[in-house]
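*Asks:* Next up is a structure, given as structure tokens.
The values are calculated or read from the model by the stated rules, or taken from the named source; none is laboratory data. Fair warning: this is a prediction, and the values are worked out from it, not measured in the lab. Reconstructed Cβ throughout: ideal geometry from the backbone, glycine too, with neighbour counts over all protein chains shown. Protein only, heavy atoms only, side chains kept; ligands, DNA and RNA dropped before computing areas. Shrake-Rupley method; radii C 1.70, N 1.55, O 1.52, S 1.80 Å.
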Amino acid sequence: LAAVLPALFMLSTIAPARASDPAVVFMDRVTKDLMAAVKTQSPATIAGVIQRYGDVPQIGLYALGDYRPKLEEPDKASYYAGMVKFISRYAAREAPKYPVASVTFAPESRTAKYGLTVDSTVKLVDGSSYEVSWLLIKAGSTYRVRDAQAAGFWMTPFLKRLFETYVAENSGSVKSLVAVLNR
């Protein structure tokens, strides 16, 4: 699982979207922007892409799990920013270990329980490949990335386990999580 997230951000060659499906075209744009951000190896640049395309509030609230009610309104913006910072630092550090040769998309999105799924195949420079399904939600006239599944694992439950464990180990304090995410 640790190899999947960085690889999703290390998109060095992207097959152009040939589909007219707006969700597939959206994911093509997302991957191009991620590719450019990852090449900088700048967590701040990667964070900008996550903010622009990710469903940050819903990912963040889901990641708190049972501790969600403990997130106080004044802490929400700081929590979301810290979560994005955490993800972008991880991606900047790990992505270079998993060089991607190409990403191709299925021509059509699929209806999913919580939105739409866009399927892709990620091919690494070493010739290996794996499937990634992107869960999108409609946001006005565009979409937001809610989750990604690779190697049979959805990313947001992984983040949820990390965050819930941290909060549990710190006396149930969501404020402690907010503080550590923003270091």
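*Asks:* With respect to Gln58, is the statement that it is touching a Lys or Arg at 6+ places or on another chain (Cβ under 7 Å), open to solvent by 50 Å² or more (accessible area, probe 1.4 Å) and either part of a helix (DSSP H, G or I) or not polar (S, T, N, Q) (or both) true?
*Replies:* yes
*Asks:* Kindly indicate the residue of segment 32-55 that is open to solvent by less than 50 Å² (accessible area, probe 1.4 Å) and of a type in the set (Val, Ile, Thr) and also nearest to the chain's Cα centre (by Cα) among those meeting that condition.
*Replies:* If we take residues in segment 32-55 being open to solvent by less than 50 Å² (accessible area, probe 1.4 Å) and of a type in the set (Val, Ile, Thr), then Ile50 is nearest to the chain's Cα centre (by Cα).
*Asks:* A follow-up question, please. Out of Lys113, Lys138, Lys160, I need the residue that is closer than 23 Å to Gln58 by Cα, without any contact (Cβ under 8 Å) to a residue 60 or more places away in the chain and in contact with a Gly (Cβ under 8 Å, 6 or more places away or on another chain). Which one?
*Replies:* None of the others qualify; the one that does is Lys138.
*Asks:* So, of the residues in segment 102-117 that are more than 16 Å from Asp147 (Cβ to Cβ) and not hydrophobic (A, V, I, L, M, F, W, C), which turns out to be least open to solvent (accessible area, probe 1.4 Å)?
*Replies:* Only one residue tops the list, namely Ser102.
*Asks:* Moving to a separate point now. Only strands (runs of 3 or more DSSP E) wholly contained in segment 80-183 count here; list those with 1 or more residues that are β-branched (Val, Ile, Thr) and within 22 Å of Lys39 (Cα to Cα). Walk me through how you get there before you give the answer.
*Replies:* Values: elements: 100-105, 110-112, 115-124, 129-139, 142-150.
Answer list for segment 80-183: 100-105, 115-124, 129-139, 142-150.
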